[in-house]
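Step one of this worksheet: look at the structure below.
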Amino acid sequence: MIETLIKKLPKAELHLHIEGSLSPEMMMRLAEKHQVALPYNSLEEVEKAYQFEDLQSFLDLYYLGASVLIEEEDFYQLMWVYLLKCKEENVVHAEIMFDPQTHLQRGISFSVFMAGFKRAIEQAKKEWGMSVMLILSYLRHLPESDALQTLELAQEYLSDCIAVGLDSSEMGNPPDQFKTVFEKSAKAGLRKVVHAGEEGPPEYIWSAINVIGAERIDHGVRCVEDPALVEHLIEKQIPLTVCPLSNVKLCVFADMKQHNILDLLEKGVLVTVNADDPTYFGGFLNENYLALYRALQMNEEQLIQLVKNSFIASFLPNEVKQNWLKKVKLIRQ
Ligand code: HPA
Ligand code: ZN
């Protein structure tokens, strides 16, 4: 049974926004705790609001949801509940994005959210040996000057992060506008990932690769519109962290049957499966794999390759990658 295999395989998650793992229950509980006014009166109303037309209609709710996160304990709880889910799903390594500007704008400092995140991560490492890395993501709907200021404020916490990323509203905000802040981040020792080609055109993916020097593209599914770009991704083995349920929820594809991830995989693109914002998009990592089986008849071989890709495309040291790849092979037999 493929369901059992999906669950049993050790997997890596490479595209997960921690603020997008806030459940409606936690949102309501924290709103009550901090007396934050939300435009919902019940859990049902929150869930009903999760009907999105595009990326922006989702982001409006996502930022509203994040407004209930205020104290260190809230950030700890958010991270801890997500890491427990990883344990349940056999996600052994997670590279987790967070949006500092969403919190800084509300007067919440790095010391507050980083302390909460780090406490939960340390606990998961200690209790079950989970491996976790953090990706500090800049918001592209704000000017680069804001991102530069964020980098300044982050100095003390850069050693806790593996990479910097770029997320939020893609259209009209191409990666090249953030060249300087990515250069400075790289000088500080951080790796580079960029959301591109989710809603934006292939040119944004080129810009992420050629101008920013992104090592990994988040989403990237619109690469198919440019055959030379697909060739380049294959030749250089630049990974795409694809998020199937997210893409359908945000109408990037009309339904899962239209999704191009398996076509890209068959062509030789280094695609991976990821959850993006699981509580908003209807499923954590295993649900994303399952959706590919149900809608696209993903076979066992494709599943194994996707899971292997999740380790290959990760920022883990090479010997650790090789160990996980061996374990994946053993479980399959
Ligand atoms: N795209 C852009 N920004 C985001 C996303 C996404 O999928 N999730 C959270 N912020
Ligand atoms: Zn994302």
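The values are calculated or read from the model by the stated rules, or taken from the named source; none is laboratory data. Note that the structure is a prediction, hence the values are computed from the model and not measured. Cβ placement follows ideal geometry from the backbone for every residue including glycine, while neighbour counts extend to all protein chains displayed. Calculation scope for accessible area: heavy atoms of the full protein, side chains included, ligands and nucleic acids excluded. Shrake-Rupley method; radii C 1.70, N 1.55, O 1.52, S 1.80 Å.
Obtain the nm distance between the two label points defined at E266 and E287 by a simple spin-label model: each point lies 7 Å from its Cα along the Cα-to-C-beta direction.
Between E266 and E287, the label points sit 2.8 nm apart.
What 222 nm value per residue comes from the helices of the chain, counting each DSSP H run with n ≥ 4 as -39,500 (n - 2.57) and dividing by all residues, nearest 500 deg cm²/dmol?
-15000 deg cm²/dmol
What value in Å³ per residue do you get for the convex hull of the alpha-carbon atoms in the range 17-114? If you can, show how the numbers build up before the last one.
Values: hull volume 11.3 nm³, N = 98.
Once divided by residue count, the hull of the range 17-114 is 115 Å³.
Give me the Kirkwood hydrodynamic radius of the range 134-240 in Å, from all C-alpha pairs, to one decimal place?
Numbers: mean 1/r = 0.0728 Å⁻¹.
Answer for the range 134-240: a Kirkwood hydrodynamic radius of 13.7 Å.
So what's Rg/Rh here for the range 1-52, counting alpha carbon atoms and using the Kirkwood radius for Rh?
Values: Rg = 16.0 Å, Rh = 13.8 Å.
Over the Cα atoms of the range 1-52, Rg/Rh equals 1.16.
Once the piece of chain linking K184 and S159 is laid out straight, how much longer is it, given 0.36 nm per residue of separation minus the C-alpha distance between them? Intermediate values should be presented prior to the final figure.
Values: separation 25, 0.36 × 25 = 9.00 nm, distance 1.45 nm.
The K184-S159 span can extend by a further 7.6 nm.
On average, how much accessible surface per residue is there in the chain, in Å², for a 1.4 Å probe, leaving out ligands, DNA and RNA? Provide the component values of the computation, followed by the final result.
On the way: 13480 Å² over 333 residues.
Per-residue accessible area for the chain comes out at 40 Å².
Using a basic spin-label model with each label point 7 Å from the Cα along Cα→Cβ, how many nm lie between D176 and V81?
4.2
Given labels modelled 7 Å from the Cα in the Cβ direction, how far is it in nm from E300 to K236?
For E300 paired with K236, the spin-label model returns 3.7 nm.
Which aspartates and glutamates, on any chain, are close to K184 with Cα under 19 Å apart, when same-chain ones fewer than 8 places away are left out?
Counting by Cα, and skipping residues close in sequence, K184 has these aspartates and glutamates nearby: D99, E144, D146, E152, E156, D160, D167, D176, E215.
Assuming R0 = 30 Å, can you tell me the calculated FRET efficiency for the pair T4 and E71, based on Cβ-Cβ distance, to the nearest 0.05?
Details: r = 40 Å, r/R0 = 1.33.
So the FRET efficiency works out to roughly 0.15.
Can you give the Kirkwood hydrodynamic radius of the range 277-333 from its Cα pairs, in Å with one decimal?
12.6
Counting Lys and Arg as +1 and Asp and Glu as -1, each charge on the Cβ, what is the dipole of the chain about the Cα centre in debye, to the nearest 20? Walk me through the numbers on the way to the answer.
Working: 32 positive and 48 negative charges, 275 e Å.
Dipole magnitude for the chain comes out near 1320 debye.
Please report, to one decimal in angstroms, the Kirkwood hydrodynamic radius of the range 92-193 built from all distinct Cα-Cα pairs.
Numbers: mean 1/r = 0.0707 Å⁻¹.
By the Kirkwood definition, the hydrodynamic radius is 14.2 Å.
Sort the range 183-308 into rounded, prolate or oblate with this rule: let a ≥ b ≥ c be the square roots of the eigenvalues of the Cα gyration tensor; rounded if a/c is under 1.5, and if a/c is not under 1.5, prolate when a/b is larger than b/c, oblate otherwise.
prolate
Find how much the distance from K326 to E152 grows on full extension, using 0.36 nm per residue of separation minus their present alpha carbon separation; answer in nm with one decimal. Before the final figure, lay out the partial values.
On the way: separation 174, 0.36 × 174 = 62.64 nm, distance 4.07 nm.
Between K326 and E152, full extension yields 58.6 nm more.
Hey, with R₀ at 25 Å, roughly what FRET efficiency would L43 and L64 work out to, going by the Cβ-Cβ distance, to 0.05? Walk me through the numbers before you get to the answer.
Numbers: r = 15 Å, r/R0 = 0.62.
Efficiency, from the Cβ-Cβ distance: 0.95.
Could you pull out every residue, at least 5 positions away or on a different chain, whose amide H is within less than 5 Å of the one on Y138? Hs are placed 1.01 Å off N in the peptide plane, and Pro or chain starts have none.
When sequence neighbours closer than 5 places are left aside, the close amide H contacts are G165, L166, D167.
Run through all the Cα pairs of the range 185-246 and give the fraction in each 10 Å bin from 0, expressed as whole percent.
25, 56, 18, 2
How much space per residue, in cubic angstrom, does the convex hull of the C-alpha atoms of the range 77-117 take up? Could the numbers behind the result be given before it?
On the way: hull volume 2.8 nm³, N = 41.
In the range 77-117, the Cα hull volume divided by residue count equals 69 Å³.
What is the spread of the Cα atoms of the chain along each of their three principal axes, largest first, in whole Å?
In descending order, the Cα extents are 51, 42, 40 Å.
Going highest first, how would you order 279-288, 84-93, 323-332 by mean Cβ packing within 10 Å? All intermediate terms of the calculation are to be shown ahead of the outcome.
Numbers: 279-288: 21.4, 84-93: 18.3, 323-332: 14.1.
Highest mean packing first, the order is 279-288, 84-93, 323-332.
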